[in-house]
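The next block holds one structure in the form of structure tokens; read it before the comments.
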Amino acid sequence: MLEQSKISNRQLTILIVQFIIGSKILFVPASLAADSEQDVWLSGLIAIVVGVFVAWFYAHLALQFKNQGILQYSEIVLGKWIGKLVNIVLCIYFLIIAAFLVRDIADFMTIQIIPGTPILAIMIVFMILTIIGVRLGLEVLSRAAEIFNPWVIFLLLLLLVSVSTQIEWKNMFPVFDHQMKHIMKSSLTFITFPYLEMIIFLQIIPYVNKPSRVKRNMIVGTVLGGGMLVVVTLFCILILGVDSTTRHIYPTYALAKKITIGEFISRIEVIVAGVWFLTIFIKLSLCLYFIAASIVQLFALKTYKPLTFPIGIILIFLAIILVPNMAYLTNFDATTWIPIAIIVGFILPFIIYIVHRLKIAASGKKT
């Protein structure tokens, strides 16, 4: 165990919800609607069903090993050197995800909130906040997520209620107008982002107070987080329309710009930015924590805290060189990243599980 922290089952559920929402709430309507358009709700539901299976599998795998995360039991199951190779792959995987998150934050701020601000300055400020949060430990991060949760729910509800009067139901029709292959393609995007990124929780589950309830917490968090994204996407379609939703880089932010309360309160789209900042902080913090934990495991270090600052610098560097512009990132997410996510997020843990069960069968032990 990296530290002696403990988190409650409720905090685990909240972490999962905010991890799913983080970074995706602004982008997911455009990526989902790109192929399935007004049938986006069906793509979302299919993705949630698959996401529930993924969450159950992750929880089932984690419960095979007491007080150990995937970084530890990968070496036990696969052997020292293959296990370390798996840990390196996972470390690189979350380095890339974290770098993308940093770039997402900086691009959004310079495009929508404070144009003209040096992108590096934004990255540095947000990374400093993230490093402070990670150094305080997993327990503090979980409590912060618990504090953020009512505000996330309130701001999302405020958004949906405020724009509900502008719904145009005709934007939902015709229903089932697309071939199943287009609907499944949209679902695959949703499954890889963010459900297959939830492999990160295989390192978090050992810190949960009541492991017997972990499967339920994982499934509930998956359904709630995915459900929120599907509802927000549906509102984008119903109010903005398919063309506008797919054309915007940040369709949810464009949706929030339509909020008008009475005749004197408008342009309060910052509430969407507020939801995004809170949840992406949690997601980026968990990624940084996992990266530091993987390095500790690889080199048998005693603590992860001194690693957070140099990792933060590396993430800023990667965010600049890996993502030259938003068009490149969008194309990379839709093509190259999908098979990578499937291999790392599902095939790797599935291999670990199969090898573990084969070893148990060979030794004649029962679990």
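The values are calculated or read from the model by the stated rules, or taken from the named source; none is laboratory data. Worth saying up front: this structure is predicted, and the values here are computed from it rather than measured. Heads up, the Cβs are rebuilt from the backbone with ideal geometry, glycines too, and the neighbour counts pull from every protein chain shown.
Suppose the filter is touching a Gly at 6+ places or on another chain (Cβ under 9 Å), of a type in the set (S, T, N, Q) and in a helix (DSSP H, G or I); does residue 43 pass it? Before the answer, list the steps.
Working: touching a Gly at 6+ places or on another chain (Cβ under 9 Å): no; of a type in the set (S, T, N, Q): yes; in a helix (DSSP H, G or I): yes.
When the stated conditions are applied, residue 43 does not pass them.
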Review point. So which residues in the stretch 238-254 are of a type in the set (A, V, I, L, M, F, W, C), closer than 20 Å to residue 330 by Cα, part of a helix (DSSP H, G or I) and touching a Leu at 6+ places or on another chain (Cβ under 9 Å)?
Key: 254
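Scan the stretch 270-329 residue by residue and report those that are polar (S, T, N, Q) and more than 20 Å from residue 200 (Cα to Cα). Working first, answer last.
To start, the set of residues in the stretch 270-329 that are polar (S, T, N, Q) comprises 279, 285, 294, 297, 303, 308, 325.
If the condition is that a residue be polar (S, T, N, Q) and more than 20 Å from residue 200 (Cα to Cα), then 325 is the only one that fits.
Being outside any helix (DSSP H, G or I) and of a type in the set (Ser, Thr, Tyr) is the filter here; which residues of the stretch 124-180 pass it? Explain how you work it out, then say what you get.
Here is the first cut: in the stretch 124-180, the residues outside any helix (DSSP H, G or I) are 136-137, 167-168, 173-179.
None; the set is empty.
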Check your understanding: In the stretch 186-221, which residues are closer than 21 Å to residue 252 by Cα and in a helix (DSSP H, G or I)?
Key -> 186, 187, 188, 189, 190, 191, 192, 195
**Study point:** Pair list, Cβ under 6 Å, 6 or more apart: the stretch 210-230 residue under 17 Å from residue 29 (Cα atoms) and aliphatic (A, V, I, L, M), other residue assigned to a helix (DSSP H, G or I) and modelled with pLDDT of 95 or more
**Key:** 224/17
Check your understanding: Quick check, is residue 327 of a type outside the set (S, T, N, Q), closer than 28 Å to residue 191 by Cα and free of Cβ contacts under 8 Å to residues at least 60 places away in the same chain?
Key -> yes
Exercise for review: Would you be able to say whether some residue in the stretch 255-265 is within 24 Å of residue 153 (Cβ to Cβ), touching a residue at least 24 places away in the same chain (Cβ under 8 Å) and either in contact with a Phe, Trp or Tyr (Cβ under 7 Å, 6 or more places away or on another chain) or surrounded by 22 or more Cβ atoms within 10 Å (Cβ to Cβ) (or both)?
Suggested key: yes
Review point. If residue 151 passes every condition in (1) modelled with pLDDT of 95 or more; (2) surrounded by fewer than 17 Cβ atoms within 10 Å (Cβ to Cβ); (3) under 20 Å from residue 18 (Cβ atoms) but one, which one does it miss?
Key: (1)
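Can you tell me which residue within the stretch 66-86, out of those that are part of a loop (DSSP other than H, G, I, E, B) and in contact (Cβ under 8 Å) with a residue 40 or more places away in the chain, is farthest from residue 350 (Cα to Cα)? Show your work before the answer.
The first filter runs over the stretch 66-86 and keeps only residues part of a loop (DSSP other than H, G, I, E, B), leaving 66-69, 79.
Next, only the ones that are in contact (Cβ under 8 Å) with a residue 40 or more places away in the chain stay: 66-69.
Numbers: 66: 18, 67: 20, 68: 17, 69: 15 Å.
Filtering the stretch 66-86 for residues that are part of a loop (DSSP other than H, G, I, E, B) and in contact (Cβ under 8 Å) with a residue 40 or more places away in the chain, the one farthest from residue 350 (Cα to Cα) comes out as 67.
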Practice item. Report yes if residue 279 is surrounded by 23 or more Cβ atoms within 10 Å (Cβ to Cβ) and touching a Cys at 6+ places or on another chain (Cβ under 9 Å), otherwise no. Key: no
Review point. Do any helices (runs of 4 or more DSSP H) lying entirely in the stretch 288-367 carry at least 1 residues that are small (Gly, Ala, Ser), loosely packed, with under 13 Cβ neighbours inside 10 Å and modelled with pLDDT of 90 or more, and which ones are they?
Key: 348-363
